[in-house]
1. Might you check whether a residue that is surrounded by 20 or more Cβ atoms within 10 Å (Cβ to Cβ), under 20 Å from the mean Cα position of the chain (by Cα) and not in a helix (DSSP H, G or I) occurs anywhere in the stretch 150-163?
2. Mind checking whether some residue in the stretch 173-182 is surrounded by 23 or more Cβ atoms within 10 Å (Cβ to Cβ), within 20 Å of the chain's Cα centre (by Cα), closer than 16 Å to Val13 by Cβ and at pLDDT 95 or above?
3. Please list, ordered by residue number, the strands (runs of 3 or more DSSP E) wholly in the stretch 1-105 having 2 or more residues that are among the charged types (D, E, K, R).
4. How many residues does the stretch 127-137 contain that are part of a helix (DSSP H, G or I) and in contact (Cβ under 8 Å) with a residue 12 or more places away in the chain?
5. I'm trying to understand the selection: among the residues of the stretch 1-47, which are within 8 Å of the ligand (Cβ to nearest atom) and touching a Cys at 6+ places or on another chain (Cβ under 8 Å)?
6. State whether the residues of the stretch 71-84 include one that is within 10 Å of the ligand (Cβ to nearest atom) and out of contact with any Lys or Arg (no Cβ under 6 Å at 6 or more places or on another chain).
7. Out of the stretch 161-207, which residues are touching a residue at least 60 places away in the same chain (Cβ under 8 Å) and hydroxyl-bearing (Ser, Thr, Tyr)?
Amino acid sequence: MTSGILAGKIAFVTGAGSGIGRATCRLLARDGAKIIAADRNLQAAEETAKELNSAVALQLDVSSDESVKGAVARAVAQWQQAPHIIVNSAGITRDNYLLKMPTADFDDVFNVNLRGTFLVTQHFARAMIAEEQQRGGSIVNLSSIVARMNNVGQANYAATKAGVISFTEVASKEFGKFRIRVNCVLPGYIDTPMVAVVPDKIKEQVVQRCPLGRMGKPDEIAEVIAFLASEKASYVNGAAIEVTGGLK
Ligand code: NAP
């Protein structure tokens, strides 16, 4: 018998093979949830799952309708019910100046960050709502402080992350009657493989501008996600929570 505030809950996490998604799987499992770790990189998702007690891995491309539908079916089959918690952490960057940005890079970022969040939310919410007694749930989306800072070179990424905030607000209004809360987190600069490709000079500038004088750790985002996933956040809905060390 598992204990913890999320005992008896099932969590489906995208982007679970790396960074914030992997840290989120660990902390939700620490709090007692069963985990479905989904990533387009199956091997990475398996590495996340194998460290945890009750966890399975599956391959998923969030930008593909068919792939997401298949993931819902497999997730429900795994524990004979829909997940209670969905975390949309899969995301990519393809930075470039606007005048040089290939259309394909705009489309790729849009398809993963915004279309992917839409597809996963829509298909999993349908399964959650179809459960008996509409037992509710929590959906947490990953936006970014870049949605508010609007960095040069990130027209594609910033637009999708701003879109995630609006999407989250609409979903929170539509799903409230099903007792499904929908919130998003806006991380600052977090030490993950996504940020590893950012030039050192830019990272130094960011650290200097951050009042806490350092980058964040994946666990520092995952703790906020775990809070939003739990009943401790029972009246938090439609929120966009900055977790940036004070970086604006
Ligand atoms: P990460 O370490 O790069 O992890 C993202 C994971 O998502 C990777 O395993 C990636 O696989 C996977 N992924 C990419 N495209 C996918 C798809 N189509 N379907 C399924 N999985 C896919 O990134 P992170 O730093 O943990 O970021 C997690 C989320 O937080 C992202 O949405 C990101 O935009 C957001 N965020 C991060 C930061 C930060 O500073 N790190 C700041 C603000 C917001 P591949 O490795 O194969 O691409």
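1. Checked the stretch 150-163: at least one residue is surrounded by 20 or more Cβ atoms within 10 Å (Cβ to Cβ), under 20 Å from the mean Cα position of the chain (by Cα) and not in a helix (DSSP H, G or I).
2. yes
3. Working: elements: 10-14, 34-39, 55-59, 85-88.
Filter on the stretch 1-105 gives 34-39.
4. From the stretch 127-137, those part of a helix (DSSP H, G or I) are 127-130, 132-134; that's our starting set.
Those still in the list that are in contact (Cβ under 8 Å) with a residue 12 or more places away in the chain too: 127-130, 134.
So the answer is 5.
5. Result: Ala16, single match.
6. Going through the stretch 71-84, the residues within 10 Å of the ligand (Cβ to nearest atom) turn out to be 71.
Retained after the next criterion (residues that are out of contact with any Lys or Arg (no Cβ under 6 Å at 6 or more places or on another chain)): 71.
Checking the stretch 71-84: at least one residue is within 10 Å of the ligand (Cβ to nearest atom) and out of contact with any Lys or Arg (no Cβ under 6 Å at 6 or more places or on another chain).
7. Matches in the stretch 161-207: Thr168, Ser172, Thr192.
Here is a yes/no grid of residues against (1) within 16 Å of the ligand (Cβ to nearest atom); (2) more than 23 Å from Cys25 (Cα to Cα):
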{"position": "Asp95", "(1), (2)": "yes, yes"}
{"position": "Leu99", "(1), (2)": "no, yes"}
{"position": "Phe110", "(1), (2)": "yes, yes"}
{"position": "Gln122", "(1), (2)": "yes, no"}
{"position": "Gly137", "(1), (2)": "no, no"}
{"position": "Ser143", "(1), (2)": "yes, no"}
{"position": "Glu174", "(1), (2)": "no, yes"}
{"position": "Arg181", "(1), (2)": "no, no"}
{"position": "Val206", "(1), (2)": "yes, yes"}
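The values are calculated or read from the model by the stated rules, or taken from the named source; none is laboratory data. If you're wondering where the values come from, they're calculated on a predicted model, not measured in any experiment. Note: ideal-geometry Cβ built from the backbone for every residue, glycine included; neighbour counts use all protein chains shown.
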